[in-house]
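Written out below as structure tokens is the structure these notes cover.
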Amino acid sequence: MPIKILMVCLGNICRSPLAEGILASKLPKEKFIVDSAGTGSWHIGHQPDERSIAVAQKNKIDITGQRGRQFTKNDFDTFDYIYVMDHSNYQDVIKLADNQEQKNKVQLILNELFPDENVDVPDPYFGLTNGFELVYKMLDEACDVISKKLLEK
């Protein structure tokens, strides 16, 4: 049975698709399933933002096959680990949890780099041109830590 990891951001077109692509590239596909979702419904069925696609391709990762979807309560049953990009995503996901076991699956992704500091991955959608590059770098470093931990299990 593969280990299942879900990456969550607001719209599922910028940060979580990058996190999904990055982590999936670091793990063997036969042992791990990585997916992503958004807490909002605006981009269901849409490809990731063209800027996320571009920065991923620049780093030899193809995320063009991904399609946006919204996080649901069923994701707690499907996934072993749920990584959220910021405090707002964390609160939105935790609100849907039925019990402490489900809440325990949810973590801020940058706590992997900065334990207990609760640092947000900034949303690059309306930000600077290099925002996607900076977000990629943060997520790549966090996914290095996550992949090492998962491969040790």
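Averaged over its residues, the chain has an accessible area of 52 Å² per residue, based on protein heavy atoms and a 1.4 Å probe.
In terms of distances greater than 20 angstrom between alpha carbons, the cross-link table entries LYS26/LYS58; LYS4/LYS29; LYS60/LYS153; LYS60/LYS149; LYS4/LYS31 yield LYS60/LYS153; LYS60/LYS149. Entry note, the chain: relative contact order of 27 percent, from Cα contacts under 8 Å with a spacing of 6+ residues.
Within the accessible surface of the stretch 64-128, defined with a 1.4 Å probe on protein heavy atoms only, the carbon and sulfur portion equals 48 percent. Charged side chains reduced to their Cβ positions (Lys and Arg at +1, Asp and Glu at -1) give the stretch 25-153 a dipole of some 380 debye around its Cα centre.
With unit charges on the beta carbons (Lys and Arg positive, Asp and Glu negative) and the dipole taken about the Cα centre of the chain, which residue among ASN59, VAL93, TYR125 sits farthest to the positive side? Toward the positive end, the furthest listed residue is ASN59.
Please label the shape of the stretch 92-149 as rounded, prolate or oblate, based on the square roots a ≥ b ≥ c of the eigenvalues of the alpha-carbon gyration tensor (a/c under 1.5 means rounded; beyond that, a/b larger than b/c means prolate, else oblate). Because a/c hits 1.5 or more and a/b fails to exceed b/c, the stretch 92-149 counts as oblate. Would you work out the relative contact order for the stretch 66-130, in percent, from Cα pairs under 8 angstrom that are 6 or more residues apart? About 32 percent, as a whole number.
The values are calculated or read from the model by the stated rules, or taken from the named source; none is laboratory data. Fair warning: this is a prediction, and the values are worked out from it, not measured in the lab. Cβ: placed from backbone, ideal geometry, glycine included. Neighbour counts: every protein chain shown. Side chains are part of the model used for accessible areas, which takes the heavy atoms of the whole protein and leaves out ligands, DNA and RNA. Shrake-Rupley method; radii C 1.70, N 1.55, O 1.52, S 1.80 Å.
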